[in-house]
1. Val83 - would you say it is more than 13 Å from Pro153 (Cβ to Cβ), in contact with a strand residue (DSSP E or B) (Cβ under 6 Å, 6 or more places away or on another chain) and outside any helix (DSSP H, G or I)?
2. Of a type in the set (Asp, Glu), modelled with pLDDT of 95 or more and surrounded by 16 or more Cβ atoms within 10 Å (Cβ to Cβ), is that true of Asp358?
3. I'd like to know if segment 241-248 contains one or more residues that are within 17 Å of the chain's Cα centre (by Cα), crowded, with 21+ Cβ neighbours inside 10 Å and not in a loop (DSSP other than H, G, I, E, B).
4. For residues that are assigned to a helix (DSSP H, G or I) and charged (D, E, K, R), scanning just segment 113-163, find the one that is modelled with the lowest pLDDT.
5. Before we move on, is Leu351 among the hydrophobic types (A, V, I, L, M, F, W, C) and assigned to a strand (DSSP E or B)?
6. Would it be correct to say that Leu89 is touching a residue at least 40 places away in the same chain (Cβ under 8 Å), assigned to a loop (DSSP other than H, G, I, E, B), of a type outside the set (Val, Ile, Thr) and in contact with a strand residue (DSSP E or B) (Cβ under 9 Å, 6 or more places away or on another chain)?
7. I'd like to know if segment 350-368 contains one or more residues that are without any contact (Cβ under 8 Å) to a residue 24 or more places away in the chain, in the same structural domain as Val114 (by TED's automatic domain parsing) and within 22 Å of the chain's Cα centre (by Cα).
8. Just to be sure I understand the filter: pairs with C-beta atoms under 7 Å, separated by 6 or more residues or on different chains, first member in segment 279-302 and at negative phi, second member at pLDDT 95 or above and part of a strand (DSSP E or B). Which pairs pass?
Amino acid sequence: MRNIISYFRMFKKTFFLFFVPLFFVVSCDTTSDTPIVDPTRYLVSDQFNRTITQQQLAAFWALAGQSEASTYALYDIDIYRIVYNTTGLDGRPVEASGAIMVPKGIENPRLLSVQHATIFNNDEAPSVDRPGVISVITRKALFASMGYITFLPDYLGYGVNAGMIHPYQHKESLATASYDMIMAGLEFIEKKNLQPSDFSVNMLGYSEGAYATLALAELAETSESIFETGFISVGGGIYDLSSTIDYLLQNINKPNECVPCYAYFIYVYHNIYDLPGTLSDYFKEPYDETISGGLFGGGFSDSQIRAILPVNSKDLIRESFISEYLEGGFLELRNALQENNIDYIPAATVLIAHGTADSVAPVFNSDQFYENALLAGKTNITYIRTEGANHSTGIFDWAIETLEALDRRSKFAAIR
């Protein structure tokens, strides 16, 4: 693998040494304030954060009532914060951050990239990992404790660039930030002289993390990646944004488990696509001003936002927006949604899970994905459709199935 990375770097270095200077001589304005990022290097810095012991993890999940999950805690893990180079929404270089979890006492760990679910507060981001906060690290450390070097991107808008708007459910930026995190992770592995069993990267995520994982898989499998895509596991995801927004608006009177999620989504798309009008075109008073005033700026937790916004979507979304949108209006928003639908079927083995009572990510998202996969001739896919599970309870079914699948793959690899 090091030879591959070295070759990859040599190619990039040659390109930038001979071709990029020529381009700059011909076309660059020397007064530009565009940041210059070393194009031959992803990893900017790494810093040890803390150690979580196997006993602490087992106790955490046992206290959470998930005794079955606690049995998968096998190793202590060291947690590192990293900063790495990636690309911003405007196509310019930007630094992003994430966390890497390294299991201790295992000779040849495997590799895993975990894309986190929806978070509102920057304190929950993997690289932040504040004491006393049940963060992404707390919840995902179990996967690393199974014996996986685990990469956890913050995504844009969290960690070192928390002042930037997070591109929620935005395919290209989630894929790129996650992919570049893996590349930085491979450089971290080389720097720390770690010896993984192979360089196949398994990928998983729930909710927004499921969407990000499939976006990442598409980028990894359709580009000249220097790593292979391993096992993929996704749960409770929204993959067809267009149909999901239609469904939400057509069923505006039905209960929704996460009104803040859809408020966040509309707020983000309105801003990153610079859509015409104002937030008052979507949201009723006084919530329009509350949202535009920084509700989703990373300083409020999920519970705080839920206390501010109404419980029911019908009390938040304007009737005029609902009727006009369903009649074919708001074309720019419709085009943005269409652009970000996930329709790629990965070549890798896929586990997909969804609860039938999920009111955040309607189950038809996974139904349609599975049907499309079968129509495309895909045979290495498993669909677990859990009757009666909602978005909050479905994550446990997905997690147990994922842990079991990863455990089987590790044992199979060990005897090969």
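The values are calculated or read from the model by the stated rules, or taken from the named source; none is laboratory data. None of the values given here were measured: they were computed from a predicted structure. Positions of Cβ are backbone-derived with ideal geometry, glycine not excepted, and every protein chain shown enters the neighbour counts.
1. Numbers: more than 13 Å from Pro153 (Cβ to Cβ): no; in contact with a strand residue (DSSP E or B) (Cβ under 6 Å, 6 or more places away or on another chain): yes; outside any helix (DSSP H, G or I): yes.
No, not satisfied.
2. Working: of a type in the set (Asp, Glu): yes; modelled with pLDDT of 95 or more: yes; surrounded by 16 or more Cβ atoms within 10 Å (Cβ to Cβ): yes.
Answer is yes for this residue.
3. Yes.
4. So in segment 113-163, the residues assigned to a helix (DSSP H, G or I) come out as 122-124, 136-145, 159-161.
Then keep just the ones that are charged (D, E, K, R); that gives 123-124, 139-140.
On the way: Asp123: 91, Glu124: 91, Arg139: 81, Lys140: 88.
By that ranking, first place goes to Arg139.
5. On the way: among the hydrophobic types (A, V, I, L, M, F, W, C): yes; assigned to a strand (DSSP E or B): yes.
Considered against the rule, which asks whether it is among the hydrophobic types (A, V, I, L, M, F, W, C) and assigned to a strand (DSSP E or B), Leu351 comes out as yes.
6. Details: touching a residue at least 40 places away in the same chain (Cβ under 8 Å): yes; assigned to a loop (DSSP other than H, G, I, E, B): yes; of a type outside the set (Val, Ile, Thr): yes; in contact with a strand residue (DSSP E or B) (Cβ under 9 Å, 6 or more places away or on another chain): no.
Here the answer is no, as Leu89 does not meet what is asked.
7. First, the residues of segment 350-368 that are without any contact (Cβ under 8 Å) to a residue 24 or more places away in the chain: 363, 367.
Pick out the ones that are also in the same structural domain as Val114 (by TED's automatic domain parsing) and you get 363, 367.
From what's left, within 22 Å of the chain's Cα centre (by Cα): 363, 367.
Yes, there is a match, as at least one residue in segment 350-368 is without any contact (Cβ under 8 Å) to a residue 24 or more places away in the chain, in the same structural domain as Val114 (by TED's automatic domain parsing) and within 22 Å of the chain's Cα centre (by Cα).
8. Tyr282/Ile317; Phe283/Ile317; Ile291/Phe283
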